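See structure below.
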Amino acid sequence: MSNALSLDVPAGVPWIDFTRDFDAPVAAVFDAHRDPEKVRQWLGPQGYEMDVPHWDFSDGGGYRYVHRNPSGEEFGFRGVFHTVRDDEFILQTFEFEGMPDEVALEFLHFEDLGDGRTRLHGRSIGRSVEGRDAMVESGMEGGMVEGYDKLDALLADAHTAATPATS
């Protein structure tokens with residue numbers, strides 16, 4: 001894909017910054033974060049299935065989802081949506097159930113680049129540098145790259161479906 005993930009993991013601090021561009025309007029990228037059926041299709045590594053038993057995408061709402069790898073192992077995640085501003089901003093917590101007490105605070109900003117393009121800026125702040133480093137070492141970057149590539153495909157399919165064929 002032409003839109004690479006930019007990941008900044010500065011030494012000695014408990015946060016990660018990332019940026020990723022999408023060839024789709026802000027409303028479409030934001031909706032792919034809002035709609036649990038769409039989230040299920042793109043979030044996480046290739047080859048994993050995802051169940052979403054709880055999704056309340058509103059200020060103060062919460063979520064829980066479970067990834068299942070090809071060998072059947074399950075990985076649960078949960079959090080709270082603290083602030084949701086349509087097509088602009090999401091502030092949420094993120095917790096991998098396999099690492100309790102390492103809850104991250106995540107800020108997602110959606111920037112309209114014009115010409116139907118969007119830039120997603122994110123910052124994930126962990127409880128500790130060690131917890132942040134463990135998350136990075138778990139393969140987080142590869143999962144993000146694969147997930148955002150799947151989001152690109154989902155957005156392209158939606159655009160193709162919405163564009164009338166010409167004769």
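Numbers below:
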read-out	value
Helical segments meeting 27 Å axial Cα length and Kyte-Doolittle 0.0 threshold in the chain (DSSP H)	140-162
Computed over the stretch 6-160: relative contact order in percent, which uses C-alpha pairs under 8 Å that are six or more apart	28 percent
Per-residue Cβ neighbour rank within 10 angstrom, fewest leading, Arg34, Arg132	Arg34, Arg132
Lys/Arg +1, Asp/Glu -1 at C-beta; the chain dipole; positive extreme among Gly79, Tyr148, Ala28	Ala28
Leading residue at positive end of dipole, the stretch 6-160 (Cβ point charges), from Gly116, Leu91, Trp15	Leu91
GNM top mover of Ser58, Ser124, Ser71 - the chain, alpha-carbon springs below 10 Å	Ser71
Net +/- balance of residues flanking Gly131 in space, Cβ distance below 9 Å, scoring K and R +1, D and E -1	-2
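Bear in mind these aren't lab numbers, they're just calculated from the coordinates by the rules spelled out. Note that the structure is a prediction, hence the values are computed from the model and not measured. Here Cβ is always computed from backbone atoms with ideal geometry, including for glycine, and neighbour counts include all displayed protein chains.
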